[in-house]
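The values are calculated or read from the model by the stated rules, or taken from the named source; none is laboratory data. On a predicted model such as this, the values are computed, not experimentally measured, just so you know. Cβ: placed from backbone, ideal geometry, glycine included. Neighbour counts: every protein chain shown. Surface accessibility is based on the protein's heavy atoms, side chains included, excluding ligands, DNA and RNA. Shrake-Rupley method; radii C 1.70, N 1.55, O 1.52, S 1.80 Å.
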Amino acid sequence: MKYLIRIALSMVAISCVSIFVQNRLSIKSGAERDIVNIANKSTTEWATLNKKVVTLYRQGNYTKAIPVAKKAIKIAEENAGPNSPAVVTSLTNLARLYERQGDYSQAQPLYKRVLAISEKVLGPNHPDVAISLNNLAGSYYRQGDYSQAQPLYERALEIREKTLAPNHPDVAISLNNLAFLYNRQGHYSQAQPLYKRALAIREKAFGFRHPAVAESLNILADFYYKQGHYSQAEPLYKRALAIQKKVLGLQHPAVAESLNDLAKLYEMQGHYSQAESLYKRALAIRKKALGPNHPKVAASLNSLAGLYYRQSSYSQAEPLYKRALAINEKTLGPNHPVVATSLNNLAFLYNRQGHYSQAESLYKRALAIRKKTLGPNHPDVAASLDNLAGLYCRQGHYSQAQPLYKRALAISEKTLGPNHPNVAISLNNLAFLYEMQGDYSQAQPLYERALAINEKSLGPNHPIVAASLSNLALFYYSQGDYSQAQPLYERALAINEKSLGPNHPEVAASLYNLAFLYDSQGHYSKAQSLYKRSLAIEEKTLGPNHPEVAARLNNLALLCYSQGHYSQAQPLYERALAINEKSLGPNHPAVAISLNNLAELYRKTGRVDEAQQLESRATKIRKIKR
């Protein structure tokens, strides 16, 4: 069986990134500075309790910290009054703890109470009111309620610019927060100047070698990374890492954060050995500095597992994903949004391995957690719906997939606007479903709209645009419209070569698709050249035993077979079969495909008994309930 590559546009990474970036910023917020300052100035019982809350918070012991925080509130109210700074600090602490556990319904009224106290005691334009506005806005942001978050962030920025001067470091915090919101909504042209201005303020206020400058460098680098501007992101990541190493020391958690970011960039560029080394260093630092059961350790485990997953080293990825899940469940509780992300990661692994029943239960649990903690209309709920629908689609259960895809699209359009890249993901997924059902008239405009959104929001040369081009090209190909498919495939290849470099796995995928098109048109010499180049890239970047290598071998073998070159086809088929058995397991659907391909060759060359044995085994694999 021949098959083209359908470019998958996953939403899981999106939700993961937003969680970690926002948390990193909130740690630097004014509210936590207030916590530390007041605690240091007092020797009362409240100060002791408050100090314990901060310690448990930093250890990731949120469940133990909550009753201590509640007791601190009670003592502060009794001794200092309901509107005292100590009460404000303790309320903010408790709200943060609830948020860390994903309990936003309990956090939000606390933030509102803090804002009311601050406005009453200090007046509406005090800098501490800006802190309260920032925290409440962050709560709305994390729940996906961007329309409520934006005016609060804007008011906080206005207060700080007016009362603290336009170049105060706290202005940089507000600029970053507002930029995060714009970024999340896909308003990239509005976000970028705010990130840059925040960086300039910090460089002027602190000098060029301060940890706050490193943080802004990482934030701006993340922005470029998501835009696909890897050459702009890399020097910023490296500069941030150098600052943190020199100022904070080699074993500081902030160094681990920068190592992780740089590793993520290398992974995306296909430099897997460099990425693995950095991920492992980050993991070691976090274990030593934070302890083996901290959520940041779980984040490192997830990152390393994701790298192994990308390389199809599933036996290495699975125990890391499971350990990360166990840590998150223990420290954050079983119903935290970060637990949902861990469940999704493990489900992706099982889905790829063909363990569909295991994947389904994890996807469903992740969806339930996100609905409960984030509300039914959060973008991360849309991501979970897309993931579950994708599983059903993979199994051919289109009637189950369609309402989930439609609901995901509706949520994304409502919360993010009609032109956000997440909307393009949902459009692409729904279009693919219609295509599989033979409903081409509904599929085509969705593919075209997804492409238009990505070109407008990300620019014409982003790798995600290349993915959209490939999907639309495959749509035309499936209808036999090769003349429309070819220029789209060629443009996708050019984008990937320019943005990712000539030896990236996505370039190999583009070469593979274009080769397949030539193959189908009978242009065998052109096809063979591209198949071989694609195979060479995959072997170099992914290793000789990756399933994608097996896919390349399979199609190169088919090309030889179709020309009657059976002696050349046989070793390619046999190697593809061996790779799939080793990397995916002996009962994976891809193994059945390889068995049938080799069986067909054996029949053609008179080896009927051997062919029947392979066909029998393939049939048994296909009958396995997944």
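Which values, in whole Å and largest first, are the semi-axes of the equivalent ellipsoid of the range 506-614 obtained as the square root of 5 times each eigenvalue of the Cα gyration tensor?
Value: 22, 18, 10 Å, ordered largest first.
Keeping every protein chain present and rolling a 1.4 Å probe, give me the accessible area per residue for the range 177-336 in Å².
For the range 177-336, the per-residue accessible area is 38 Å².
With N set to the number of residues, divide the alpha-carbon radius of gyration of the range 456-526 by 2.2 N^0.38 Å and report two decimals.
1.07
Express the relative contact order of the chain as a whole percentage, based on alpha carbon pairs under 8 Å and six or more residues apart in sequence.
Once normalised by length, the contact order is 10 percent.
Go through 386-393, 578-585 and give me the packing order, highest mean Cβ count within 10 Å leading.
386-393, 578-585
Rounded to the nearest 0.05, what FRET efficiency do A242 and Y566 have when you use their Cβ-Cβ distance and R0 = 45 Å?
0.20
Under unit Cβ charges (Lys, Arg +1; Asp, Glu -1), what dipole magnitude, rounded to 20 debye, does the chain have relative to its Cα centre?
Rounded to the nearest 20 debye, it is 1500 debye.
Excluding ligands, DNA and RNA, what is the solvent-accessible area per residue of the range 45-134 at a probe of 1.4 Å, expressed in Å²?
Averaged over the residues of the range 45-134, the accessible area is 43 Å².
Is it possible to state the helix-based mean residue ellipticity at 222 nm for the chain, with each DSSP H run of 4+ residues giving -39500 (n - 2.57), the sum divided by total residues, to the nearest 500 deg cm²/dmol? What is it?
The helix contribution divided over the chain gives -27500 deg cm²/dmol.
If you average the C-alpha positions of the range 139-170 and of the range 575-611 separately, how far apart do those two centres end up, in angstrom?
60
Out of A450, Y225, A137, whose Cα points farthest toward the positive end of the dipole of the chain (charges: +1 Lys, Arg; -1 Asp, Glu; placed on Cβ)?
A137
Using +1 on the beta carbon of Lys and Arg, -1 on that of Asp and Glu, and nothing else charged, what's the dipole of the range 70-205 about the Cα centre, debye to 20?
It works out to roughly 200 debye.
What angle, in degrees between 0 and 90 and rounded to the nearest 10, separates the Cα long axis of helix 104-122 from the longest principal axis of the Cα atoms of the chain?
For helix 104-122, the angle is close to 30 degrees.
State the dimensionless ratio Rg/Rh of the range 86-225 (Rg: radius of gyration of Cα atoms; Rh: Kirkwood radius).
0.97
Over the range 389-506, with the other protein chains present, what is the accessible area per residue in square angstrom, probe 1.4 angstrom?
Normalised by residue count, the accessible surface of the range 389-506 is 39 Å².
Could you calculate, for the chain, the ratio of the Cα radius of gyration to the Kirkwood radius, expressed as Rg to Rh?
Result for the chain is an Rg/Rh of 1.01.
For the range 476-551 and the range 68-134, what is the centre-to-centre distance using only Cα atoms, to the nearest Å?
When both Cα centres are located, 57 Å separates them.
Between helix 85-100 and the chain, what is the angle of the helix's C-alpha long axis to the longest principal axis, kept within 0 to 90° and rounded to the nearest 10?
For helix 85-100, the angle is close to 10 degrees.
Just to confirm the number: angle between the C-alpha axis of helix 463-478 and the first principal axis of the chain, 0 to 90 degrees, nearest 10?
In the chain, helix 463-478 runs at an angle near 30 degrees to the longest axis.
Given axes a ≥ b ≥ c from the Cα gyration tensor, I'd like to know whether the range 95-164 is rounded (a/c under 1.5), prolate (a/b larger than b/c) or oblate.
Oblate, because a/c is 1.5 or more while a/b does not exceed b/c.
Mind giving me the FRET efficiency for N79 and Q251? R0 is 35 Å, r the Cβ-Cβ distance, nearest 0.05 is fine.
For N79 and Q251, the calculated efficiency is 0.30.
Counting only protein heavy atoms and using a 1.4 Å probe, what share of the accessible area of the chain belongs to carbon plus sulfur, as a whole percent?
Carbon and sulfur atoms account for 53 percent of the accessible area of the chain.
Among the aspartates and glutamates, which fall within straight-line cross-link reach of K71, defined as a Cα-Cα distance under 13 Å, with same-chain neighbours fewer than 8 residues apart omitted?
Filter leaves E45.
Go through K280/K330; K64/K364; K364/K582; K280/K322; K51/K287 and tell me which ones have a Cα-Cα distance over 25 Å in this structure.
Check vs 25 Å cut-off fails for K64/K364; K364/K582.
Projecting each Cα onto the charge dipole of the range 332-404 (Lys/Arg +1, Asp/Glu -1 at the beta carbon, about the Cα centre), which of N335, N345, S399 comes out farthest on the positive side?
Of the options given, the answer is N335.
Above 22 Å lies some portion of the pair distances; for the range 236-355, what is it as a whole percent of all C-alpha pairs?
34
Could you tell me which of the pairs K112/K204; K246/K296; K196/K246; K204/K288 are separated by over 29 angstrom between their Cα atoms in the structure shown?
Pairs exceeding the cut-off: K112/K204; K204/K288.
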